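Asker: Quick one: the structure is below, questions incoming.
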């Protein structure tokens, strides 16, 4: 039995087992909207969701709270359309007709299985050995993010399959492979057109192919135009125009290192794929082609406020690129022995995240407030701010500055260098160093995590809230665009660890407010927009902040000395 | 044997790991405090398989993320057990593997973990005898399972028994060389090392664990022949009793009667390592004791639960007059 067949069978079994675990809670994010479109196609033979929203309690989404998304297209006669492209809902129709919601998800899982087979074949085509495929493929296809997107209704896994098939087709010069793959990719989501556009120079060799390529790009635009009245749907071409450079830096490091949404914490295997860029010349051609194809897509993603994926499982927007990074990781693993030093921690972390996501599927969705699941868990346990030790580019913190430097240092010390073929004994020596350094780092992590920090974000998990409410509320659309905070009124109090000293308090209030910090009263003026004031914490340790009268939105408190 | 350079790196790594673990200790049990020692053991095991050293950061994580004591200690034990099991030769290797090069060394480390934590409870000369015997068995057999099994169950009191046991085992070992390395069995021996004393002396606790409900303490100790009447509080469902100085009495000896029904209980401390071998008591049918101490010193007190008759307002306890003079029936609590 070939390796591809073995992994295909394993994928069928694993995805079939994981799928029911993800149905413990109702589908979330964009999923119910895709399903509504499928329902509409099946029952009404149209894309108008107005009747679905009117009778939302009787749909299969299990989400009676569902309302149209902000900016969804509407028709002249009250038609209500979804902003999402209809190809994925169309693909889910047979599955939905057979088994309802589980059938629709099973359709995506089927694409996951196809992706597994396609990936193994692609790796073999690119000269990756069987031993390396055996070692890494379980981490790739049964680890985050592919595992989580293979058992949920998102276009990412079908798109990843189409992207791999398109690259394979181009590499093999098989038009019958790349034409349908690329066409399906673009139909799935308009944003994937940015991938297709970059592949065009590799496929347009004559007029016939140019015509095919033009049709591939035009048809999806036409479909979207017919539905929404705009060829770019809810997007504008201005989104492609370069903006402030700092946003690119934030997005780039965020995708790599953010505690809640970065590769390092959510799918660490792919860090090897990033290191592979340093070995560009020795990387397989498929990797280089995939990387070039991803360029515009990544460049347009980086400055977006939603680079982290929004209300979805982590790494949403780059799932489609994961096969390329996986190939880079595999090539690096094969070429440079010392890269294997990282495998043991990667295996533990990857399957830890996978098991956590299987057991607690709702935790895959995060409110993007700058914390992450691990930080919140530890902060709740110790009532101390552990989240500040994780780099956050959603709510930039000091760790976000330290993390790139630490990673750079780690890479310079341990990462495989160009053309290096170290001896096995030397590789083993390095392997011994990695866990011990990790142990020292962890000991320091837990030590400093238990100490008070210099910034207190009042909505965070380490703060004990006695009354008050989260601002904005948890399910606010595009919550990450807001400055999070904690709303308090007279009689409410907060308790947190803090160092002695002066702090700058960031707050908003529509009326004058009196607060009390460890027995000292502070009179704050009304501040309809955010304002700052100086407050003082008299002793290091647990501090109680009380709102004596009025109501206030407390954002954060930064130490000055 | 590893080369000199590898050995030096391993020593440096062991020191660093021990220091990191020392500062990572978050709780006060002897197992938590032994974290630096466990780290050194894992580094020692990583000499042949360097990835095993990943156990050191895992120890720190287990120590700091689980507040519930049994969960935390079990997590630590699982990490240690996996580090040991990784030394076993794989079935395909035909007996070759890192562990195959040093069964005596692995046995030594395993016994230190099973019997020498907490170190303050160790009677060194007794434990050294057992350690030497086990290492000798492992050396002769070129395997670890039998040696560690013997060491786990060998009594340190009386030590003569252990000496005889190991002398016989060493002789038998020459003929038992065919016993293969068995990773699951070895993992099972090690995975409960925070309570290895209970594995050795009260394994039934894993099948029929003791439980405690809300209790109203009484704390009476009645001599043979005495009687006593006690009012039963509302909602009480059981009486918790145990014996004192009764460890030499055979199983199912009647210590007294409650409203005419026989009261059968074990000695409160019969599972202590010093008393167990000489005791003739049995693990209680309805155990109500608590797990006490850690490692090979761990034991469960012999408290037994006697159900109260339904709706009874008072009970009359009569202690068996035929018990030894120094024996006592302890009425511990209502539950």
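The values are calculated or read from the model by the stated rules, or taken from the named source; none is laboratory data. These numbers were taken from a predicted model, which means no experiment stands behind them. FYI the Cβ positions are ideal-geometry reconstructions off the backbone, even for glycines, and counts take in every protein chain you see.
Asker: How many residues are surrounded by fewer than 23 Cβ atoms within 10 Å (Cβ to Cβ) and either facing chain A (nearest Cβ under 9 Å) or part of a helix (DSSP H, G or I) (or both) when one looks only at segment B:11-30?
Answerer: The number of residues fulfilling the criteria is 11.
Asker: Another one. Does residue A:509 satisfy the criteria of being farther than 25 Å from residue A:379 by Cα and crowded, with 16+ Cβ neighbours inside 10 Å?
Answerer: yes
Condition check ((1) in a helix (DSSP H, G or I); (2) within 29 Å of residue B:107 (Cα to Cα); (3) out of contact with any strand residue (DSSP E or B) (no Cβ under 7 Å at 6 or more places or on another chain)) across all residues:
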position	(1), (2), (3)
B:195	yes, yes, no
B:198	yes, yes, no
B:213	no, no, yes
B:217	no, no, no
B:220	no, no, no
B:230	no, no, no
B:235	no, no, yes
B:242	no, no, no
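Asker: Which ones in segment B:313-335 are assigned to a loop (DSSP other than H, G, I, E, B) and surrounded by 12 or more Cβ atoms within 10 Å (Cβ to Cβ)?
Answerer: Scanning segment B:313-335 gives B:320, B:323, B:327, B:335.
Asker: Is it the case, given these coordinates, that residue A:436 is crowded, with 20+ Cβ neighbours inside 10 Å, over 29 Å from residue A:500 (Cα atoms) and either more than 8 Å from chain B (Cβ to nearest Cβ) or at pLDDT below 95 (or both)? Please lay out each step first, then the result.
Answerer: Numbers: crowded, with 20+ Cβ neighbours inside 10 Å: yes; over 29 Å from residue A:500 (Cα atoms): yes; either more than 8 Å from chain B (Cβ to nearest Cβ) or at pLDDT below 95 (or both): yes.
So residue A:436 fits the description; yes.
Asker: Being exposed (fewer than 14 other Cβ atoms within 10 Å of the Cβ) and touching a residue at least 40 places away in the same chain (Cβ under 8 Å): is that true of residue B:215 here?
Answerer: Criteria not met by residue B:215.
Asker: Where in segment A:194-287 are there helices (runs of 4 or more DSSP H), lying wholly inside it, with at least 2 residues that are not assigned by TED's automatic domain parsing to the domain that holds residue A:124?
Answerer: A:245-257, A:263-266, A:269-275
Yes/no per residue for (1) under 20 Å from residue A:85 (Cα atoms); (2) without any contact (Cβ under 8 Å) to a residue 40 or more places away in the chain:
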site	(1), (2)
A:218	yes, yes
A:221	yes, yes
A:224	yes, no
A:228	yes, no
A:262	no, no
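Asker: Under 9 Å by Cβ, and 6 or more places apart or on different chains, what pairs join a residue from segment A:376-393 that is within 14 Å of another protein chain (Cβ to nearest Cβ) and more than 20 Å from residue A:541 (Cβ to Cβ) with one that is surrounded by 23 or more Cβ atoms within 10 Å (Cβ to Cβ) and at pLDDT 95 or above?
Answerer: A:376/A:386; A:376/A:387; A:376/A:460; A:376/A:462; A:377/A:386
Asker: OK, next. Only one of (1) over 16 Å from the mean Cα position of the chain (by Cα); (2) within 26 Å of residue A:277 (Cβ to Cβ) is not met by residue A:350, so which one is it?
Answerer: (1)
Asker: Just to be sure, is residue B:67 free of Cβ contacts under 8 Å to residues at least 12 places away in the same chain, at the interface with another protein chain (Cβ under 8 Å from one of its Cβ atoms) and in a helix (DSSP H, G or I)?
Answerer: Answer is no for this residue.
Asker: Being within 14 Å of chain B (Cβ to nearest Cβ) and assigned to a helix (DSSP H, G or I) is the requirement here; does residue A:296 meet it?
Answerer: no
Asker: Does residue A:106 count as out of contact with any helix residue (DSSP H, G or I) (no Cβ under 8 Å at 6 or more places or on another chain), in a helix (DSSP H, G or I) and either closer than 30 Å to residue A:349 by Cβ or in the same structural domain as residue A:475 (by TED's automatic domain parsing) (or both)?
Answerer: Considered against the rule, which asks whether it is out of contact with any helix residue (DSSP H, G or I) (no Cβ under 8 Å at 6 or more places or on another chain), in a helix (DSSP H, G or I) and either closer than 30 Å to residue A:349 by Cβ or in the same structural domain as residue A:475 (by TED's automatic domain parsing) (or both), residue A:106 comes out as no.
Asker: Of (1) closer than 22 Å to residue B:54 by Cβ; (2) within 13 Å of another protein chain (Cβ to nearest Cβ); (3) crowded, with 19+ Cβ neighbours inside 10 Å, residue A:356 satisfies all except one. Which?
Answerer: (3)
Asker: Moving on. Here's a check for you: in segment B:48-57, which residue that is part of a helix (DSSP H, G or I) and more than 7 Å from every other protein chain (Cβ to nearest Cβ) is nearest to residue B:28 (Cα to Cα)?
Answerer: It comes out as B:55.
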